[in-house]
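The structure appears right after this line, and notes come after that.
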Amino acid sequence: MGPLTPLLIAAAFAAIALCGPRTAMAADGDKPGERFISVSATGSVDAEPDLASVSVGTIVEADTAKEALARSSIVMAKLIDGLKALGIAAKDIQTTAVNIEPRYTQAKDGRPTALAGYRLVNRVHLTVREVKRLGEILDGAIGLGANQVNGIGFDVSNAETLMDDARRLAIANARRRAELYAAAAGAQLGNVLTISETTNASPRALPMARAAAGGPMPIEAGTRTLTVDVQVTYALH
């Protein structure tokens, strides 16, 4: 980008001067008319997830609600014991749904008619602390009788620490940008008056790996981009 023209410099300086009194009055009782500059900036870091979460469970159908419950209880007891044997700690297994509902036969017009039995859904939420084993654990769950798998998600256990790195980058970017504008407007950057932030952690997928024949289900955790957006207001001299 070429050097700023005198007209652009004048416009930037005017914009800073025009919005000065309102913010300056709200910041530490500064005198009306004091100039300031507000800038937005972003800092981000990428992290490999080290935690996975997933729901597994069963759907059982039977003629009576009591029979559906009994069948589901047998399968879920086997599933939970098997998951523990696979290395999932008891604290990382949490029941999230036990739903039973009647099933009806359908007339040609789609309306329910006679009672046909009952369906029972039972699900547990798993926290997997070894992401690389998630495919193996899902294979094991299905082998133990699970016929529902949904809600796979990934997270970073030290996200807050990594966010601090993103915050430092965001503040450094904000100061660099503010210094550029101040210099272009013929001013000098002063003290920080206000700082506000918003954060975001978004997934970024990697290509799906291919599993060898007979191997565990291929699962890719990808990476997560941890982002901090800041708005910083500086006094101008």
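The values are calculated or read from the model by the stated rules, or taken from the named source; none is laboratory data. If you're wondering where the values come from, they're calculated on a predicted model, not measured in any experiment. All Cβ positions, glycine included, derive from the backbone under ideal geometry; neighbour counts span all protein chains shown.
Could you check region 191-206 and list, in sequence order, the residues that are of a type in the set (Gly, Ala, Ser) and at pLDDT 95 or above?
Across region 191-206, the qualifying residue is only Ser196.
Hey, Arg168 hits all of (1) touching a helix residue (DSSP H, G or I) at 6+ places or on another chain (Cβ under 7 Å); (2) under 30 Å from Val230 (Cβ atoms); (3) of a type outside the set (Val, Ile, Thr) but one; which does it fall short on?
(1)
Among the residues of region 138-158 satisfying the criterion of being over 17 Å from the mean Cα position of the chain (by Cα) and small (Gly, Ala, Ser), which is farthest from Val60 (Cα to Cα)?
Looking at residues that are over 17 Å from the mean Cα position of the chain (by Cα) and small (Gly, Ala, Ser), I get Gly140.
If we keep just the residues of region 75-113 that are among the hydroxyl-bearing types (Ser, Thr, Tyr) and closer than 15 Å to Val54 by Cα, which is farthest from the chain's Cα centre (by Cα)?
Only one residue tops the list, namely Thr95.
Can you tell me which residue among Ala27, Ala116 is at pLDDT below 95, more than 29 Å from the chain's Cα centre (by Cα) and closer than 30 Å to Thr233 by Cβ?
Selected residue: Ala27, the only one of Ala27, Ala116 that is at pLDDT below 95, more than 29 Å from the chain's Cα centre (by Cα) and closer than 30 Å to Thr233 by Cβ.
Go through region 42-66 residue by residue and tally those that are touching a residue at least 12 places away in the same chain (Cβ under 8 Å) and farther than 27 Å from Arg129 by Cα.
Adding up the residues that qualify gives 8.
Take the residues of region 134-153 that are out of contact with any Lys or Arg (no Cβ under 7 Å at 6 or more places or on another chain) and not in a helix (DSSP H, G or I): which is surrounded by the fewest Cβ atoms within 10 Å (Cβ to Cβ)?
Selected residue: Asn150.
From the residues in region 165-180 that are surrounded by 15 or more Cβ atoms within 10 Å (Cβ to Cβ) and free of Cβ contacts under 8 Å to residues at least 60 places away in the same chain, which one is nearest to Arg35 (Cα to Cα)?
For region 165-180, the residue satisfying everything is Glu179.
What is the one condition in (1) in contact with a Lys or Arg (Cβ under 8 Å, 6 or more places away or on another chain); (2) closer than 30 Å to Ser38 by Cβ that Ala183 does not satisfy?
Status for Ala183: all satisfied but (1).
At pLDDT below 95 and not in a strand (DSSP E or B): does that describe Gly33?
Considered against the rule, which asks whether it is at pLDDT below 95 and not in a strand (DSSP E or B), Gly33 comes out as yes.
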